[in-house]
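The values are calculated or read from the model by the stated rules, or taken from the named source; none is laboratory data. All values reported here derive from a predicted model rather than from experimental measurement. Cβ coordinates were reconstructed from backbone atoms using ideal geometry, including for glycine residues, and neighbour counts include every protein chain displayed. Just so you know, the surface numbers come from the protein's heavy atoms only, side chains and all, with ligands and any DNA or RNA stripped out. Shrake-Rupley method; radii C 1.70, N 1.55, O 1.52, S 1.80 Å.
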Amino acid sequence: MSDPSLDLSQPIADLLRSGTAAAHETAEHSKGAGYLARGELTREEYARFLIMLYHVYSTLEQALEQHASHPVLAPTYNPALLSRAPALEADIAHILSVSTSALPNHPLWASLVTDPPPALSRYTARLRTLRDSSSPALLLAHGYVRYLGDLSGGQFIRRRVQKAYGLEGDIGTAFYEFGRLGNTAAHAALGDMKRIKEWYREGMNRGVGEDLDLKVMVLAEANRVFEFNNGLFETLEPPSKLSLPPPLLPPVHALGDPTSPIEPTKNERPYPLQVSGKSAEGTEPLGEGTYTTQGVVSFILAMCLAHFVLVVGGFTGNRGWEKYVTAMEWIAHTRARLLGM
């Protein structure tokens, strides 16, 4: 039985957008997603994550190739434009400082082949099951979640990855690069990526058509893909050291655990708001109304964030992650400048 609240008269692209909103929000709350989006993973742990993605994409793309002529999958089949596995392989080799031919012998790669995390095994097993089934149409849901995610929030993660691991240009971040529709040799700008997403959604709508049962199944599978992806995030090791100051307020859609207190630094200077005694040195008035430079700056920026939430509607919806990452980058940069960090 399908959810009676679903409007199955919608095209599948619209149905997926609304029907996966809750799953998308859950992903935004994932600690692992936060580590990735803030560039907090160690270089080796980031490489390990990319290797897991490689196995997901290579399995998915082999399945899509096997069923390239399937009427549901054919309208969105464009490996020259979409395939991520080769780019992932190149990025992993660069980050681990080995050649692509030497990757299978690298200890990190070999360990994920011989002893993969259960979350990765479940993910790739599901893809192989769909590949070998008599009705592989549900692979469409996997392509939708992966490729449209790469074209959207993945572009914000790319900037953070470049900063975190000292990557310049496209070296080491080819996974986040796409070609243009009709000219895959040229790099896609944001406008080109928007057109790719529109093309993909139109292809999904043509492939699924008005098959109501298929719409329900594709939507259910898409939500399942989010669960698989969250499973990969849960395998990531927590960072031992934050690469940026923690968020000033717990975000509406937290990407990590922002509740750790901010420790004072040597640059802090107290700002007395009430004179009710003296400091330990007897030189500065001190009282319960005393605030530090960092505290004042944090309060001001917190008010800016609150204003942002009121003006643009906060961090909810399909663009929530993108807005959150942009806001956090601005706050971290501004905070560092004000404190002279």
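Has the stretch 213-225 got any residue that is closer than 16 Å to ALA37 by Cβ, among the acidic types (Asp, Glu), out of contact with any Leu (no Cβ under 8 Å at 6 or more places or on another chain) and modelled with pLDDT of 50 or more?
No; the residues of the stretch 213-225 include none that is closer than 16 Å to ALA37 by Cβ, among the acidic types (Asp, Glu), out of contact with any Leu (no Cβ under 8 Å at 6 or more places or on another chain) and modelled with pLDDT of 50 or more.
Which residues, taken from the stretch 81-128, are touching a Gly at 6+ places or on another chain (Cβ under 6 Å) and more than 23 Å from LEU151 (Cα to Cα)?
ALA119
For every residue, the table says whether it meets (1) more than 15 Å from LEU53 (Cα to Cα); (2) out of contact with any Phe, Trp or Tyr (no Cβ under 9 Å at 6 or more places or on another chain); (3) modelled with pLDDT under 95; (4) buried (at least 16 other Cβ atoms within 10 Å of the Cβ).
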| position | (1), (2), (3), (4) |
| --- | --- |
| THR114 | yes, yes, no, no |
| TYR123 | no, no, no, yes |
| PRO136 | yes, yes, no, yes |
| ALA141 | yes, yes, no, yes |
| GLN155 | yes, no, yes, yes |
| VAL161 | yes, no, yes, yes |
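Among the residues of the stretch 177-187, count how many are at pLDDT 90 or above, outside any strand (DSSP E or B) and either charged (D, E, K, R) or open to solvent by 10 Å² or more (accessible area, probe 1.4 Å) (or both).
Summing the residues that are at pLDDT 90 or above, outside any strand (DSSP E or B) and either charged (D, E, K, R) or open to solvent by 10 Å² or more (accessible area, probe 1.4 Å) (or both) in the stretch 177-187 gives 2.
Among LEU16, LEU41, which is surrounded by 14 or more Cβ atoms within 10 Å (Cβ to Cβ) and either under 10 Å from the mean Cα position of the chain (by Cα) or assigned to a helix (DSSP H, G or I) (or both)?
Of the residues listed, the single one that is surrounded by 14 or more Cβ atoms within 10 Å (Cβ to Cβ) and either under 10 Å from the mean Cα position of the chain (by Cα) or assigned to a helix (DSSP H, G or I) (or both) is LEU16.
Given the conditions (1) touching a Lys or Arg at 6+ places or on another chain (Cβ under 8 Å); (2) within 27 Å of TYR46 (Cα to Cα); (3) open to solvent by 70 Å² or more (accessible area, probe 1.4 Å); (4) at pLDDT below 95, which single one is not true for TYR165?
(3)
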